[in-house]
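> Sending over a structure as structure tokens; questions will come in a sec.
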Amino acid sequence: PYLNNGPAISQALPDYGLVTCQIDTQDWNNASADQIYNTLKQAVDSGSGNGAVVLCHETYDTTAAAIEKFAPYAKSKGWQIASIGEMYAAKGKSIPGGQEIKKVY
């Protein structure tokens, strides 16, 4: 709930990974498609996006437009967009319970 992984949440869900984000695209805060794209592009270009959990909402047209532009860029750089479960599986790991997840190492 709003990226809240405080003590009440972690105590109530000790067996679940507590997903939060490493990169917030600010789409929820009226970021434009170009702003979202530039945030993601910068993460790829700097390497900080490797394994990072990115906060995007499927309910915003700006997010959809940004991802339509970003996905081919990421692919051209050898990156792929994956779910958290897919990232853990690719690294041969399981999602850890009771831990905050911002990035998959």
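> Does residue 59 satisfy the condition of being among the polar types (S, T, N, Q), open to solvent by 40 Å² or more (accessible area, probe 1.4 Å) and not in a helix (DSSP H, G or I)?
yes
> Considering only segment 67-84, state which residues are more than 12 Å from the chain's Cα centre (by Cα) and either under 24 Å from residue 4 (Cβ atoms) or outside any loop (DSSP other than H, G, I, E, B) (or both).
67, 68, 69, 70, 71, 72, 73, 74, 75, 76
> Residue check: is residue 64 in contact with a helix residue (DSSP H, G or I) (Cβ under 9 Å, 6 or more places away or on another chain) and either within 20 Å of residue 104 (Cα to Cα) or not in a helix (DSSP H, G or I) (or both)?
no
> Which residues, counting only those in segment 20-31, are out of contact with any helix residue (DSSP H, G or I) (no Cβ under 6 Å at 6 or more places or on another chain) and surrounded by 10 or more Cβ atoms within 10 Å (Cβ to Cβ)?
20, 21, 22, 24, 26, 28, 31 - these are the residues of segment 20-31 that are out of contact with any helix residue (DSSP H, G or I) (no Cβ under 6 Å at 6 or more places or on another chain) and surrounded by 10 or more Cβ atoms within 10 Å (Cβ to Cβ).
> Let me ask another. Which residue, of 16, 37, is open to solvent by less than 50 Å² (accessible area, probe 1.4 Å), of a type in the set (Phe, Trp, Tyr) and out of contact with any His (no Cβ under 8 Å at 6 or more places or on another chain)?
37
> Right, here's the next one. Of everything in segment 10-29, what is in a loop (DSSP other than H, G, I, E, B) and free of Cβ contacts under 8 Å to residues at least 24 places away in the same chain? Give them in sequence order.
26
> Cβ-Cβ below 6 Å, separation at least six or inter-chain, first residue in segment 32-46 and touching a residue at least 12 places away in the same chain (Cβ under 8 Å), second open to solvent by 30 Å² or more (accessible area, probe 1.4 Å) and in a helix (DSSP H, G or I): which pairs?
Pairs that qualify, where the first residue is touching a residue at least 12 places away in the same chain (Cβ under 8 Å) and the partner is open to solvent by 30 Å² or more (accessible area, probe 1.4 Å) and in a helix (DSSP H, G or I), are 32/62; 33/62; 33/65; 37/69.
> If you don't mind, another one. Condition (residue is outside any helix (DSSP H, G or I), within 22 Å of residue 13 (Cβ to Cβ), of a type in the set (Lys, Arg) and open to solvent by less than 90 Å² (accessible area, probe 1.4 Å)) applied to segment 87-96: is it met by at least one residue?
no
> Another question about this same structure. Need the failing condition index for residue 59 against (1) touching a Leu at 6+ places or on another chain (Cβ under 9 Å); (2) without any contact (Cβ under 8 Å) to a residue 12 or more places away in the chain, just the number.
It fails just one condition, (1).
The values are calculated or read from the model by the stated rules, or taken from the named source; none is laboratory data. As the structure is a computational prediction, the values presented were derived from the model and not from experiment. No Cβ is skipped: glycine too gets one built from the backbone with ideal geometry, and neighbour counts run over all protein chains shown. The area values use the complete protein model at the heavy-atom level, side chains included, leaving out ligands, DNA and RNA. Shrake-Rupley method; radii C 1.70, N 1.55, O 1.52, S 1.80 Å.
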